[in-house]
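**Q** The following block contains the structure, expressed as C-alpha cells.
The values are calculated or read from the model by the stated rules, or taken from the named source; none is laboratory data. Since we're looking at a predicted model, the values are computed, not measured. Here the Cβ positions follow ideal geometry from the backbone for every residue, glycine too, while neighbour counts run over all protein chains shown. Ligands, DNA and RNA are excluded from the accessible area calculation, which covers all protein heavy atoms including side chains. Shrake-Rupley method; radii C 1.70, N 1.55, O 1.52, S 1.80 Å.
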Amino acid sequence: MRRILPAATVATALSVALTACGSANGPGGYGAVANISDPSPSPPAPWSPGSGSPSAAKPDQISWGLCTDIRRPDGATPRPDPRFQCGRLQVPLDYRKPDGDKLDMAVIRVQATEPGKRLGSLVFNFGGPGASGVDTMAQSYKIFSSLNGRYDLVSFDPRGVERTAGVRCGTDRDMDRFLSMDTMVTNEAERAKQNETIKSFVGACERTSGKILPYVGTVDAARDMDRLRAALGEKRLNYFGISYGTQLGAVYATLFPKRVHRFMLDGPLDPSATLEQRSLAQTTAFQHSYDSFLKSCIRGPGECEVGPDVANANKNVKAFLDDLRINPLPVGDRKLTQGLAVTGIAAALYSDLTWPLLEQGFGRGFKGDGRILLYLADAYNARMPDGSYSTIMSSFPAITCVDTSERPTREQLDETEKAALEISPLFGGSGMGSLCAVWPVPGSDEARRIDASGSAPIVVVGGTGDPATPYEWAPKLVSQLKTGVLVTYKGEGHGAYLSGDSCVKRVVDGYLLDGKVPENGTVCPSP
C-alpha cells in the first residue's frame, strides 16, 4: 500500500494536468461581451484588474493592474499578488464584422525576473479546450520558473472561457446532474435516460450561453492570440501550448506562419482526427495508463489495495462499478455514482504522482467510502467545495463541437461505442460525438486543416504514456505542420514538461531560451 500524497501536492499535480482534453468517455457564461447580455445564473466574481474594468479595454492595448479575482483549485480567491498583473484586450466577437460587437479578453502576465536578459513574452495555453489561462498561470507559474527569468509569462482566458464570455450550461445543479450521469448503458431504458440527460444539458447550454456559442472556435481564438501578440509589442509570437493548446498553436502557425518565433507544443492533438478516431485513440491510451497503474501497484502479495493480481483487480473494480450503478455511495449530502467514479479514475491517470491516491480511492471505495474518488472527479470537473463550477466542462464541448462539422447519427455513435468498449470496458464510450450530435450550432472543419509551411521550426513533444493525448498524435501533428520537429518522452502522464523529466526540461529550455532546435527524432528516456 502506498501513502496518500499531501493535499497540496495532489492539488498542484492535478491543477495543470487536468486542464487537458476530456477522457474518452466523458464530455471529457460569464464575461464581458460588449452589447451582449449574459443570463448566467451563477457567475463568478466580477473581473476587476486594478482600477480598471471590462469596459476600460481599448483596441490593441492592455491596461495592466492587480489581479483581484484569481481562483485557486479550492475555489478560494487569495489576496492580490504583486507578481501577477491582469488586464483586458478588446477583440471582435465576429471577425467577419470587425467593427461590430467586442469581447474583452482576460489576460495575465508574470514579468521576467531578469529584465536585463529579457527575451520578450512567452504566451501559454494550458489546454482543455476550456482551461482558464488566468487561473492556471497563477497556480502553476513556478513550474516554468527557468523560463520566467528571461520571459514575461503570459496567458489568457480564450473566448468562451471563464472571464472571456465563459460558456455556462444552466445552473450548478444542472452540471451536477449531467456530470454524475452513468456511462454504462445495459438496456434501452438506460439509453433513453442517458440521451435525455445529454439533450437537457445541451439545451441548458443554448439557453444560458446561446449568443456566444457560434463564436468560440479555435480559428477565432488564434486570431485573438495574434491581437495579443501585437498588444504585447512582439513582432513574432513565442508560444507554449499544452494539450488542446497544441491545436491552438498549430492553427495560429497555419494562419500566421511568418509570425511564428519559438513554438513549443507539448502533449499534442491530431487536429485531423475524426470524433470516432479521437474517441478510440483516447480509450486505448487511458486503458494503457490504467494497465501501467495496475502493474505499478501490484508488486507482491498484499501490496495493492485494488487486488493481488491483474485479473482479481479488474474483477474487483468491475464489481464495484456495477454496484455503483444500482447503489451509489453516499458522500455527505452527495452520492458517488458509477459515472463520477470512472471520472475520478481517469483523473488520477493524468499523472503518476496521483496513482497512490487512486489506489487508496479504490481501497476505501471497496469498503463503502467514496470520498477520494469523488474528490478526484470534482478536481477533473472543476467543481468547487461550495458546489459551483468553473466553465471548463461547458467550454469544452462548446469549443470541440464548433471545431468540427461532424454531427454523428445514432447508428454511428453506437458503432463507435461498441468499438471503444471492445478496447476498454472501463473507459469505452462514444466520446464527444454524443454531445456534438445534438449541439445547437453548426461547426466548421477549418481548425482541423493544418499547414505551417514557411514558419520557423516548431518543436512537438509527445509522451508514450500520455492517456489524454495519445503518442500517435505527435508524429501526425509534426507531419501536418510541415515545419515540426518531433521529440519523444518515454514516460507516464499528460504533458512531458509537467513531468519534471530533466531531459525534457533541458531540450525545451534550450530551445525556448537559446534557440537550440533539437534534432528531429530526439528521445528522452524515462527517469
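**Q** Identify the single condition in (1) open to solvent by 20 Å² or more (accessible area, probe 1.4 Å); (2) more than 27 Å from Val438 (Cβ to Cβ) that Leu336 does not satisfy, given that it satisfies every other one.
**A** (1)
**Q** Among Ser395, Ser424, Ser390, which is of a type in the set (Ser, Thr, Tyr) and open to solvent by 10 Å² or more (accessible area, probe 1.4 Å)?
**A** From the options Ser395, Ser424, Ser390, the qualifying one is Ser390.
**Q** Within segment 171-186, track down each residue that is in contact with a helix residue (DSSP H, G or I) (Cβ under 6 Å, 6 or more places away or on another chain), in a helix (DSSP H, G or I) and open to solvent by less than 40 Å² (accessible area, probe 1.4 Å).
**A** Within segment 171-186, Phe178, Leu179 meet the criteria.
**Q** Another one. If a residue counts only when it is under 21 Å from Pro408 (Cβ atoms), which helices (runs of 4 or more DSSP H) contained entirely in segment 421-527 have at least 2 such residues?
**A** 433-436
**Q** Please determine, by comparing only the residues of segment 286-304 that are under 13 Å from Phe427 (Cα atoms) and open to solvent by 10 Å² or more (accessible area, probe 1.4 Å), which one is farthest from the chain's Cα centre (by Cα).
**A** This residue is Asp291.
**Q** Moving on to the next point. Only one residue in Ile423, Ile399, Ile392 is at pLDDT 95 or above and touching a Pro at 6+ places or on another chain (Cβ under 6 Å), so which one is that?
**A** Exactly one residue qualifies, and that residue is Ile399.
**Q** Run Pro467 past the list (1) under 17 Å from the mean Cα position of the chain (by Cα); (2) open to solvent by 10 Å² or more (accessible area, probe 1.4 Å); (3) not hydrophobic (A, V, I, L, M, F, W, C) and report the number of the one that doesn't hold.
**A** Here Pro467 clears every test but (2).
**Q** Shifting gears a bit: Of the residues that sit in segment 54-85 and are at pLDDT below 85, more than 27 Å from the chain's Cα centre (by Cα) and surrounded by fewer than 16 Cβ atoms within 10 Å (Cβ to Cβ), which one is farthest from Arg223 (Cα to Cα)?
**A** Ser55
**Q** Output yes when any residue across segment 68-79 is assigned to a strand (DSSP E or B) and closer than 23 Å to Gly241 by Cβ, and no when none is.
**A** There is no residue in segment 68-79 that is assigned to a strand (DSSP E or B) and closer than 23 Å to Gly241 by Cβ.
**Q** Something else about it: I need a count of the residues in segment 116-138 that are more than 11 Å from the chain's Cα centre (by Cα) and open to solvent by less than 10 Å² (accessible area, probe 1.4 Å).
**A** Number satisfying all stated conditions: 7.
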